[in-house]
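Taking it in order: structure first as structure tokens, then the write-up.
The values are calculated or read from the model by the stated rules, or taken from the named source; none is laboratory data. Bear in mind that the values here come from a model prediction, so they are computed numbers and not experimental data. Here the Cβ positions follow ideal geometry from the backbone for every residue, glycine too, while neighbour counts run over all protein chains shown. The accessibility values were calculated without ligands, DNA or RNA, using every heavy atom of the protein model including side chains. Shrake-Rupley method; radii C 1.70, N 1.55, O 1.52, S 1.80 Å.
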Amino acid sequence: MTELVQQLINGLSLGSIYALIALGYTMVYGVLKLINFAHSEVFMMGSYFGFFTAVGLGIEHYESIGQTFPLYYAFVVLIAAMAGAALLGVTIELLAYRPLRNAPRLAPLITAIGVSLFLQNLATLIFTPNPRRYPAIIREVRYELGGVVVTNIKIAILVVAIALMAGLHLLVQKTWTGKAMRALSVNLDAARLMGVNTNRVISSTFAIGSALAAAGGILFGLDQLTIKPTMGVLTGLKAFVAAVLGGIGNIPGAAVGGLLIGVAEQLTAGYLSPDYRDAITFVILIGILLFKPEGLLGVVRPEKV
Amino acid sequence: MRRKTVVVAAAIVSLVASLAFTFGCKNGGGSQNGPGGSGGGNQTGEIVIGHYASMTGDTAHFGQDTDKAVRLAVEEVNAQGGIKGRRVKLVTLDTRGDATEAANAVTRLIDVEHVSAIIGEVASTLSLAGGRVAQRRGIPMVSPSSTNPAVTAIGNNVFRVCFIDPFQGTVMAKFARENLRLTKVAIIKDVRSDYSIGLAENFRRAFTQRGGQVVAEQSYSAGDTDFSAQLTAIRDSGAEAIFVPGYYGEVGAIAVTKQRLGINVPLLGGDGWDAPDLFRIGGAALEGSFYSNHFAPDAASDRARRFISAFQRRFGSEPTGLGALGYDAAMVLFEAMRRAQSVTPATIREGLTATRNFEGVTGRITINAQRDADKSAVVLRIRGGRAVYETTVQP
């Protein structure tokens, strides 16, 4: 029983990282009907931005003298990485997708794969392919409750993920930008005719999605200890599956899908075999596409002919 | 619209031009090293030896440290006038820790660089990939530190200067059973690594033969970053130690996850732990763990101390055990070349086969009938963030 609870806790914290990344996929899809395959690399880059901000703030010095990194510095790292990734996301949209706005849908999709490969190789070149130990921007504290171990890092992952998702929900439901995003997702041309500056709304969608991915990147580094330029490939793919599982284009769906994928992966690794931990995600993908292609929380919209 | 077409056309032209330039250069470089160049079976000019190693990637420490040591050996032999009056030239190619790349690297060393002999790899899976190519092409290869038995079983061109896993697994099993007096042990192995699977298998056999019990067996795949599911499953198994025959990156992460889950038992491991990054990643979570290795810097012979200080002078860091084996591999190879009448792949192979009681940094090296080295192993204990000598186990 304690083992099951432990596996569930670890699965939830892994899943909330997937959820943060999945939100970026789903938001962009909702607005542009584009699967932004470069998103997994934005996640990786965000993680590196956090890494270098922490190093720039002298975390190695704090670690060497055994002192805790100040908590507000941890926030600086988070904000800097999110801002850097937002800028990267907006730039990608501006350079790679905007020129193809009216092209057939396949063109931006292939461009997205190209951008993904470009960023991955660029990171390999600049950051070297060697894995790096992620600096402990939060000092780890362990709590034990009836045999179940929880660390403050796992709690922080959940808290940060939930806070960011709640913030996103408010933004989408309560602000003008959010209303515009929803309008774009229904009909981009109609929104433009109503006077919405579509390019600006699309840019902010990319900025927000990328910032959330960067937050996921930092949490990933804290939880999994090492980062490398290829870290985005599998994690990004799993987050994409999470978005599909929840219903692509649906924001609460991405959150639910992420958590489900994380838990499924952890339970498979713990009770079936760790060799199937990656396979289970894609088994789920095949299952959902066969039986409920619109996703768990997705709605079927009749295709206009 | 027209402007766009022009831009696209310009992009295509520049792309084609750059490709042509790259390939043109490659061909030019190739022909310079072609017939009439150095290496191969030539009897004059430089002796070219190849080294293929993971200079980058998940096991970059293995490749970089081994390459430094091989380089040091080459510099020393050239400072003494080379071999038979000929300078030795080292060509190193990166495998990125990937088996396909390892096979490609060996092919390139033979076809493009025309090497007389090859040193490499550290990881058994990569030595198996590269060794098959070397065997097929008849070029002798010395693996410094691949311990899976299958490596030298490839054929008569593949040698090694280290012990093999049936022995290494026994060393740790014997140490756990007799020195630490453990009865219950769990195992976590890397299912993508021939080294890890072999070592786990040999450890299990030796440990159960001595009356011990393996209470849980879990696995992961190289490159995994999350080990909490496996360790959670092990936590309630009653294991007094966990045997992790993997490579340092994953071992470090496993140690930290183990600590996070509140599992207070030591980890046991093999020579795949041997890299400074083990401590960078694992930190304090590794305290009190043990691993078997080829040599202990703090209990070294005079020969080894000379190597350590030369290495430190040259590169400003302390060599790992795998580095020491790289140095030994190169020196055994040079010795074989000196013994041979002429420097051809066939005579080098004969020279390697005849290696007896060579005084290496990692101990006395004799190449046996299976082209493996019979050597003793040391067990190291992790204390105060470094590995210190615990005991020696004879074969």
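Some notes on this structure:
- Under the condition of being open to solvent by less than 20 Å² (accessible area, probe 1.4 Å) and more than 15 Å from A:Gly11 (Cβ to Cβ), the residues counted in the stretch A:137-150 number 1.
- Exactly one residue out of A:Thr281, A:Thr235, A:Thr268 is assigned to a helix (DSSP H, G or I), within 24 Å of A:Tyr97 (Cα to Cα) and hydroxyl-bearing (Ser, Thr, Tyr): that is A:Thr235.
- Residues of the stretch B:69-91 that are open to solvent by 40 Å² or more (accessible area, probe 1.4 Å) and in a strand (DSSP E or B): B:Lys89 alone.
- Hey, A:Ile157 surrounded by fewer than 16 Cβ atoms within 10 Å (Cβ to Cβ) and either at negative phi or assigned to a helix (DSSP H, G or I) (or both) or not: no
- Top-ranked residue of the stretch B:258-299 - restricted to ones that are within 14 Å of another protein chain (Cβ to nearest Cβ) and polar (S, T, N, Q), ranked as surrounded by the most Cβ atoms within 10 Å (Cβ to Cβ): B:Gln259
- For the stretch A:106-131, filtering for residues that are more than 9 Å from every other protein chain (Cβ to nearest Cβ), closer than 30 Å to B:Gln64 by Cβ and surrounded by 17 or more Cβ atoms within 10 Å (Cβ to Cβ) leaves 5.
- Matching residues, the stretch B:351-395, being in a strand (DSSP E or B), open to solvent by 70 Å² or more (accessible area, probe 1.4 Å) and over 23 Å from B:Arg306 (Cα atoms): B:Arg383
- Residues in the stretch A:108-161 that are under 20 Å from the mean Cα position of the chain (by Cα) and within 30 Å of B:Asp236 (Cβ to Cβ): A:Tyr134, A:Ile153, A:Lys154, A:Ile155, A:Ala156, A:Ile157, A:Leu158, A:Val159, A:Ala161.
- Residue within the stretch A:24-43 that is within 14 Å of chain B (Cβ to nearest Cβ), in contact with a helix residue (DSSP H, G or I) (Cβ under 8 Å, 6 or more places away or on another chain) and buried (at least 24 other Cβ atoms within 10 Å of the Cβ) present: yes
- Scanning the stretch A:135-156 for residues that are farther than 11 Å from A:Gln6 by Cβ and of a type in the set (Val, Ile, Thr) turns up A:Ile137, A:Ile138, A:Val141, A:Thr151, A:Ile153, A:Ile155.
- Across the stretch B:47-68, the number of residues qualifying as open to solvent by 10 Å² or more (accessible area, probe 1.4 Å), in contact with a helix residue (DSSP H, G or I) (Cβ under 6 Å, 6 or more places away or on another chain) and touching a residue at least 60 places away in the same chain (Cβ under 8 Å) comes to 4.
Yes/no matrix, rows are residues, columns are (1) touching a Lys or Arg at 6+ places or on another chain (Cβ under 6 Å); (2) crowded, with 24+ Cβ neighbours inside 10 Å; (3) within 20 Å of A:Leu34 (Cβ to Cβ):
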| residue | (1), (2), (3) |
| --- | --- |
| A:Ser204 | no, no, yes |
| A:Ala207 | no, no, yes |
| A:Thr230 | no, no, no |
| A:Val233 | no, no, yes |
| A:Leu245 | no, yes, yes |
| A:Arg277 | no, no, no |
| A:Leu297 | no, no, no |
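- Residue selected from the stretch B:218-257 under the condition among the charged types (D, E, K, R) and within 11 Å of chain A (Cβ to nearest Cβ), by the criterion most open to solvent (accessible area, probe 1.4 Å): B:Asp236
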